[in-house]
Each structure stands twice: as structure tokens, then as C-alpha cells.
Amino acid sequence: MKTYFLTLLLFVFISAFTLPQNKNGLISELKNNEVIIKLHKFIEFNSQNNKNKFLVADITIDNISGKSIAMGSDYTMGITIKDATGKEYRSGLKGAGIVASYLAKHGNDEQDQKAYNLCFSDNFPPKTKVRSLLCGFEVPKDAKIVSFGIKKKNLWDSVK
């Protein structure tokens, strides 16, 4: 019995370190011949009123092209989400304030400021990949987000 218990304990211990952990989970992905934009997760936190909630998007942007891209104007400023009713929510400048508010309230989550700035720049270098808490959205508390996209580029994917 003691051997069985030790074997089981050893198995649990080894499993905890060897099974893959989904730290880089993916709930949506956009691709074209210039970029791959991955939405890893939404971080939800409450707003001051009871009607809405805030969502902060954890996003990776990868310039897969051989040229610099005006990432901010061409892609990042146009990031949009849709709920199940078809209503669209764009991050834009208000979204930057939502991200800043989240980071101020949750000091243990750090922002890679260089990555964040690069995602909004007009000179995102070729073959560069960065990850950041990039966009913030204010949505109704009962909204179910079903789509993620860049409206300007007509790039859309469902949110899993």
C-alpha cells in the first residue's frame, strides 16, 4: 500500500511539471500576408456602474512581412470586437485609458511598454513579434463576445 501511494504521489508530482501548460492560449487569430494577430485572452474587470464591464485584450502582433508596417494606423487602432447581437466595440483611444486603468488597479500585472508603443507605431519592423495588454473595451455586463477583427482590413475571426 505504501508503494502504491508513493507511486501515485510521484506520478502527480511529475505530471505537474511535464504536462503542457496553456500560458499562451489562443482564443482568436487574424492573418494576412503582412501580420498575424493573436488574441490570447480577455481580462475582465468591473466598471464603476453596474451596466458595463471592461475587457483588456492580451494580444501578440507578428509582422511576418519583409517591410515595416504602419501598425497603429493600419491595424491596431482598428481592432474591434463584436457581441452575439452584432454590436461592435472598438478600442481606439478610450481603450488605451481602459488598459491604463486596469494596470493601475492591478499592479502585479506588468505592461511591456516598449511592445505596447511599438504596436501603435508607424514603423513596426519586419520579422518582429511582440505581446502586450494592448486594447481595452467597455461592453455591457451581459455581452457575449463572439468576433475579433480589424474592420479596416476586413479581417475577422470567431472568439473561442
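The values are calculated or read from the model by the stated rules, or taken from the named source; none is laboratory data. Source: prediction; values computed, not measured. Every residue, glycine as well, gets a Cβ built from its backbone with ideal geometry; the counts of neighbours run over all protein chains shown. SASA here: full protein model, heavy atoms, side chains in, ligands and nucleic acids out. Shrake-Rupley method; radii C 1.70, N 1.55, O 1.52, S 1.80 Å.
On the basis of being more than 26 Å from THR128 (Cβ to Cβ), out of contact with any Asp or Glu (no Cβ under 8 Å at 6 or more places or on another chain) and charged (D, E, K, R), does LYS51 make the cut? Yes: the conditions hold for LYS51. Being β-branched (Val, Ile, Thr), more than 19 Å from SER158 (Cβ to Cβ) and modelled with pLDDT of 95 or more is a property that ILE14 lacks. Here ASP157 meets each of (1) within 19 Å of MET77 (Cβ to Cβ); (2) open to solvent by 50 Å² or more (accessible area, probe 1.4 Å); (3) touching a residue at least 60 places away in the same chain (Cβ under 8 Å); (4) charged (D, E, K, R) with one exception, condition (2). Quick check: anything in the stretch 131-146 polar (S, T, N, Q) and open to solvent by 20 Å² or more (accessible area, probe 1.4 Å)? No, every residue in the stretch 131-146 fails to be polar (S, T, N, Q) and open to solvent by 20 Å² or more (accessible area, probe 1.4 Å).
Picking from THR76, THR80, which residue would you name as being closer than 15 Å to LEU155 by Cα, in contact (Cβ under 8 Å) with a residue 60 or more places away in the chain and of a type in the set (Val, Ile, Thr)? Answer to the selection: THR80. The residues in the stretch 54-88 that are modelled with pLDDT of 95 or more, out of contact with any helix residue (DSSP H, G or I) (no Cβ under 8 Å at 6 or more places or on another chain) and open to solvent by 20 Å² or more (accessible area, probe 1.4 Å) can be counted, and the count is 11.
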